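Visitor: The structure under discussion is supplied below as structure tokens; questions concerning it will follow.
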Amino acid sequence: MAIGTATDFKIYPDQFFGGMVETLEQNVDAFNQASGGALRLITQRKKGHFEQESFIKKLSGLISRRDISSTAAVADNKLAQDEIVGVKINRRIGPVAETMDAFRKIQVPPDQFSFLLGQQIGPEIAADFVNTGLLALEAALENVAGVFYDHSGVGAGTITQSGLVNGLAKFGDASTRVKAWVMHSKPYFDLMQDLITNKLYENTGIVVFEGSVATLNRPTIVIDSPSLLKTGTPNTYRILGLVDGAMEVAESEERSVVSDTITGQENLVVRIQGEHAYNLKLKGFKWDTAGGGVNPTDAALSTGANWINVMADVKSLGGIVIKCK
């Protein structure tokens, strides 16, 4: 059992301490309006391990030519249902333990322990929502050949505006549904470099850049999520072009955070531990409840085969994915 002591604290003058703690520097403001509605974060209590939402499958041949000279019988079309299935993911907070003596040494009351820890818990939870959701969404989309474009072998291998266009082409006449890009900062800066190198317009040394920075007038969520980086020789990256409601994260259970004072040690100890859960749902996919199972690991979530495409037309899925170096 690892319990912190006074030696774990760095004691600074008050003007340098300021109550600050180390927090994540990753961009986690990627939900709701920031993504144009492509990535949604809601609070909705949900029972059980899975969330099922049924729908009537698209009928082929629903509209056809009618022969005005015939009285022959025609066969009925049969309705069929399928379902979108989301999965519940359970998380633990801590436990984190610290001696009361450590707080006395830095002149901080022990009851501020939860406040200090909360400054780290909040960003950690938000980062987990983003990273886990993108991990699953990227795997699910890449497993569908119709929405995957490999740009890694083109030219220098970095992403270009042409690469984004080729990715959008996977959606054909539905490409306007793609509302936002989600990408790692490396390909994003590749795009800016490409825009500088291949100027859209130049006259007597004056360069005119039209539209947003190389993103085809779509908002871009730039986030250095490990879910968008595939390590290897060389590393490759994934860019997601997402439609409205491509991914939904729902805080589905009340958060529980408790603290306790522990005796029987050389020093009195304060311990904090918590629990929470959220449901993850991807547009056009159902979670394989048998193969993927209950409370899946990251390895299971990142296995594309565990997300079953239930849409006859790939244009009804959550978006496209582009591979680049």
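Visitor: Condition first: open to solvent by 70 Å² or more (accessible area, probe 1.4 Å) and modelled with pLDDT of 70 or more. Can you find one or more residues in region 4-26 that meet it?
Guide: Checked against the condition, which is being open to solvent by 70 Å² or more (accessible area, probe 1.4 Å) and modelled with pLDDT of 70 or more, region 4-26 yields no hits at all.
Visitor: Report yes if some residue within region 128-143 is more than 21 Å from A250 (Cα to Cα) and not in a loop (DSSP other than H, G, I, E, B); otherwise report no.
Guide: Taking every residue of region 128-143 in turn, at least one turns out to be more than 21 Å from A250 (Cα to Cα) and not in a loop (DSSP other than H, G, I, E, B).
Visitor: State all residues of region 152-172 that are touching a Lys or Arg at 6+ places or on another chain (Cβ under 6 Å) and not polar (S, T, N, Q); if no residue qualifies, say none.
Guide: If the condition is that a residue be touching a Lys or Arg at 6+ places or on another chain (Cβ under 6 Å) and not polar (S, T, N, Q), then G157, F171 are the ones that fit.
Visitor: Counting only residues that are part of a loop (DSSP other than H, G, I, E, B) and at pLDDT 85 or above, which one in region 144-173 is farthest from Q193 (Cα to Cα)?
Guide: Filtering region 144-173 for residues that are part of a loop (DSSP other than H, G, I, E, B) and at pLDDT 85 or above, the one farthest from Q193 (Cα to Cα) comes out as V144.
Visitor: Hey, L280 hits all of (1) closer than 26 Å to W181 by Cβ; (2) open to solvent by 60 Å² or more (accessible area, probe 1.4 Å); (3) of a type outside the set (S, T, N, Q) but one; which does it fall short on?
Guide: The one condition L280 does not meet is (2).
Visitor: For region 232-319, give me every one of the strands (runs of 3 or more DSSP E) that falls completely inside it and has 2 or more residues that are under 15 Å from N131 (Cα atoms).
Guide: It comes to 236-242, 247-251, 269-282.
Visitor: Okay, moving on. Of the residues that make up region 55-66, is at least one closer than 30 Å to N131 by Cβ and surrounded by 10 or more Cβ atoms within 10 Å (Cβ to Cβ)? First the steps, then the outcome.
Guide: Residues of region 55-66 that are closer than 30 Å to N131 by Cβ, as a first pass: 55.
Filter once more, keeping what is surrounded by 10 or more Cβ atoms within 10 Å (Cβ to Cβ): 55.
Yes.
Visitor: For F50, state whether it is open to solvent by 30 Å² or more (accessible area, probe 1.4 Å), of a type in the set (F, W, Y) and modelled with pLDDT under 85.
Guide: yes
Visitor: Among the residues that make up region 114-134, is at least one of them of a type in the set (S, T, Y) and open to solvent by less than 60 Å² (accessible area, probe 1.4 Å)?
Guide: We begin by selecting, within region 114-134, every residue of a type in the set (S, T, Y); these are 114, 132.
Now restrict to residues that are open to solvent by less than 60 Å² (accessible area, probe 1.4 Å): 132.
Yes, the conditions are met somewhere in region 114-134.
The rows are residues; the columns are (1) of a type in the set (D, E); (2) touching a Phe, Trp or Tyr at 6+ places or on another chain (Cβ under 6 Å); (3) open to solvent by less than 70 Å² (accessible area, probe 1.4 Å); (4) touching a residue at least 60 places away in the same chain (Cβ under 8 Å).
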position	(1), (2), (3), (4)
P234	no, no, no, yes
E254	yes, no, no, yes
Q265	no, no, no, yes
G284	no, no, yes, yes
T303	no, no, yes, yes
D313	yes, no, yes, yes
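Visitor: Can you name the residue in region 120-155 that is among the small types (G, A, S) and in contact (Cβ under 8 Å) with a residue 24 or more places away in the chain and is also nearest to A180 (Cα to Cα) among such residues?
Guide: If we take residues in region 120-155 being among the small types (G, A, S) and in contact (Cβ under 8 Å) with a residue 24 or more places away in the chain, then G133 is nearest to A180 (Cα to Cα).
Visitor: Which condition number in (1) at pLDDT 90 or above; (2) under 30 Å from V269 (Cα atoms) is the one that P109 fails?
Guide: Every condition holds for P109 apart from (1).
Visitor: Restricting attention to region 211-234, report how many residues are touching a Lys or Arg at 6+ places or on another chain (Cβ under 7 Å) and at pLDDT below 90.
Guide: Of the residues in that region, 2 qualify.
Visitor: Cβ-Cβ distance below 7 Å, separation of 6 or more or different chains: which pairs start in region 67-84 with a residue that is open to solvent by 100 Å² or more (accessible area, probe 1.4 Å) and end on one that is not in a strand (DSSP E or B)?
Guide: Between residues of region 67-84 that are open to solvent by 100 Å² or more (accessible area, probe 1.4 Å) and residues that are not in a strand (DSSP E or B), the close pairs are Q81/K57.
The values are calculated or read from the model by the stated rules, or taken from the named source; none is laboratory data. Quick caveat, the model's predicted, so the values are computed rather than measured. Positions of Cβ are generated from backbone atoms using ideal geometry, with glycine treated the same way; all protein chains shown enter the neighbour counts. Accessible surface is based on the protein model in full, side chains and every heavy atom, while ligands, DNA and RNA are left aside. Shrake-Rupley method; radii C 1.70, N 1.55, O 1.52, S 1.80 Å.
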